[in-house]
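Below is one structure, written out as structure tokens; comments come after it.
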Amino acid sequence: MSLEREKFWEAWGQSNALYEVWAAWKKVNSKQLFVLYELDHGDYITQKNIADYTGLPKQTVNTVIRDFIAEGFVTLASGRNDRREKLVVLTESGKKHAAETLAPLYALEERVFSVMGEERVKQMIDTIFLFNAIFEKEMKRGMKEHD
């Protein structure tokens, strides 16, 4: 394994592990945390959107959403343009849970960003998006070649 690839996976793994530890401290699993994070940022979002944004499998998102429905944190609503589309909406109880769970995480992330500095944070985000775009393009090219 090349040093770059090894360091990439080390960094990726450390980031994931830190969020896992943080989620456990807040007594939620990381899947619930990631879904809640997305729900807190979108008024009307589908399970597919959540899966796309978090990288979680659709079935995992569906399981978390069912758990959140049972806990009274979310409801499902019909889509605005397509009634078959189901939107996931935080209830008042869900908004309170999101605020209690996520406010400390947002504050932690802001402290980290502040220490890193605006330019480094922007570079990090731009670099991750660039990596993802190139990875997707090369992955699709490789899949076509091997079909």
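Could you give every pair whose Cβ atoms fall below 7 Å, whose first residue belongs to region 51-78 and is under 17 Å from L90 (Cα atoms) and open to solvent by 70 Å² or more (accessible area, probe 1.4 Å), and whose second residue is among the basic types (K, R) and not in a helix (DSSP H, G or I), counting only separations of at least 6 or pairs across chains?
L76/K86
With the structure loaded, tell me whether G117 is over 25 Å from L18 (Cβ atoms) and not acidic (D, E) or whether it fails that test.
The answer is no for G117.
Within the bounds of region 100-123, is there any residue that is small (G, A, S) and open to solvent by 80 Å² or more (accessible area, probe 1.4 Å)?
So far as region 100-123 goes, yes, one or more of its residues are small (G, A, S) and open to solvent by 80 Å² or more (accessible area, probe 1.4 Å).
So which residues in region 6-60 are modelled with pLDDT under 90 and either in contact with a strand residue (DSSP E or B) (Cβ under 8 Å, 6 or more places away or on another chain) or more than 22 Å from K96 (Cα to Cα) (or both), if there are any at all?
D43, Y44
Of the residues V21, V28, which single one is over 30 Å from D82 (Cβ atoms) and surrounded by 15 or more Cβ atoms within 10 Å (Cβ to Cβ)?
V28
The values are calculated or read from the model by the stated rules, or taken from the named source; none is laboratory data. These numbers come from a predicted model, not from an experiment. No Cβ is skipped: glycine too gets one built from the backbone with ideal geometry, and neighbour counts run over all protein chains shown. The protein model used for the area step is the full one, side chains on, heavy atoms only, and it has no ligands, DNA or RNA in it. Shrake-Rupley method; radii C 1.70, N 1.55, O 1.52, S 1.80 Å.
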